[in-house]
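The values are calculated or read from the model by the stated rules, or taken from the named source; none is laboratory data. The structure displayed is predicted, hence computed values, not measured ones. Heads up, the Cβs are rebuilt from the backbone with ideal geometry, glycines too, and the neighbour counts pull from every protein chain shown.
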Amino acid sequence: MDTRAHDRRGFFRDAFGRLLHEVTVRTERRVAPRRYFRPPGAADEISFLASCTRCGDCIAVCPVQAIIKAPPAAGLAAGTPIIDPGIQACVVCAEMPCARACETGALVPPPGGWDEVHMGVLELDPERCITFQGVACGVCARACPVGEKALALDAGGRPVIRPEGCVGCGVCVTACVTSPSSLRLSLVP
C-alpha cells in the first residue's frame, strides 16, 4: 500500500474526527448549556439531563443540604439537582453519598475520587482580598476541605489557588470574610 495514500487517509480521518467532535460540543452547548453547578460525579450536561429522573435521592442524602432542585425557569434542567455555592457549598464528603444514591448514572462516584471532580473554577480578586492590603486572614485556606493541594497561603499569608487540586466546591467562597467574597466560583467550561 502506498504510504502517502495511507497518511492522507489518516490525516482526513483525524481531521474529520476533530471536526465532528467540535460540532458535537457546540451543538450540546446550544441545546443544553450548562448553567448550574452540578453535584460531584455529574455526567456531561446532555447525558446528565437524559439520565436524571429528578427523583431527589441525591438531595435527601446530602449531609449539609447543599443540593437543591433547579427552578422551573431552568428549562430542560428544571427539577434536576444543582448546587448554589452562594447559599450552601458542597463540603467534599469523602464518601460522595449524593453520587452513590443515584441509581440512573446521572451521578457516578469517579474512580479516582475527589481528584477527578471539578465542579467549578475558582478565581481570586486581589483588590478585594484583605491580605493584599496587609491584613492577616487566611480564613479561606483554613476552610478549604481539600487543603493545601487546592488553596494555600504564600509566604506573605496571601491565598494561592492551585487549579489542579481545586474541586470547585465553594467552601472558601462562603468562608471569605469580605463582602462580597474575594473568591468567585465559575462554571467549568
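Results, tabulated for the structure shown:
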| item | result |
| --- | --- |
| Those residues of region 83-93 which are surrounded by fewer than 20 Cβ atoms within 10 Å (Cβ to Cβ) and either of a type in the set (D, E, K, R) or outside any loop (DSSP other than H, G, I, E, B) (or both), in sequence order | 84 |
| Given (1) among the aliphatic types (A, V, I, L, M); (2) more than 25 Å from residue 168 (Cα to Cα); (3) modelled with pLDDT under 65, number of the condition residue 32 does not satisfy | (2) |
| Looking only at region 40-82, and only at residues there that are under 13 Å from residue 105 (Cβ atoms) and either polar (S, T, N, Q) or in a loop (DSSP other than H, G, I, E, B) (or both), the one that is nearest to the chain's Cα centre (by Cα) | 41 |
| Among residues of region 37-48, those that are of a type in the set (A, V, I, L, M, F, W, C), in contact (Cβ under 8 Å) with a residue 24 or more places away in the chain and surrounded by fewer than 20 Cβ atoms within 10 Å (Cβ to Cβ), counted | 1 |
| Close pairs from region 94-108: first at positive phi and surrounded by 15 or more Cβ atoms within 10 Å (Cβ to Cβ), partner in a helix (DSSP H, G or I) and not aromatic (Phe, Trp, Tyr), Cβ under 9 Å, at least 6 apart | 96/113 |
| Filter pass, residue 125 being at pLDDT 95 or above, acidic (Asp, Glu) and closer than 19 Å to residue 173 by Cβ | yes |
| Criterion (among the β-branched types (Val, Ile, Thr) and at pLDDT below 95) met by exactly one of 177, 139, 167, 160 | 167 |
| Residue list for region 131-147, filter: among the β-branched types (Val, Ile, Thr) and outside any loop (DSSP other than H, G, I, E, B) | 131, 139 |
| Residue satisfying all of: in region 154-189; of a type in the set (D, E, K, R) and surrounded by 16 or more Cβ atoms within 10 Å (Cβ to Cβ); farthest from residue 65 (Cα to Cα) among these | 158 |
| Residue list for region 50-81, filter: in contact with a strand residue (DSSP E or B) (Cβ under 6 Å, 6 or more places away or on another chain) and touching a residue at least 40 places away in the same chain (Cβ under 8 Å) | 58, 81 |
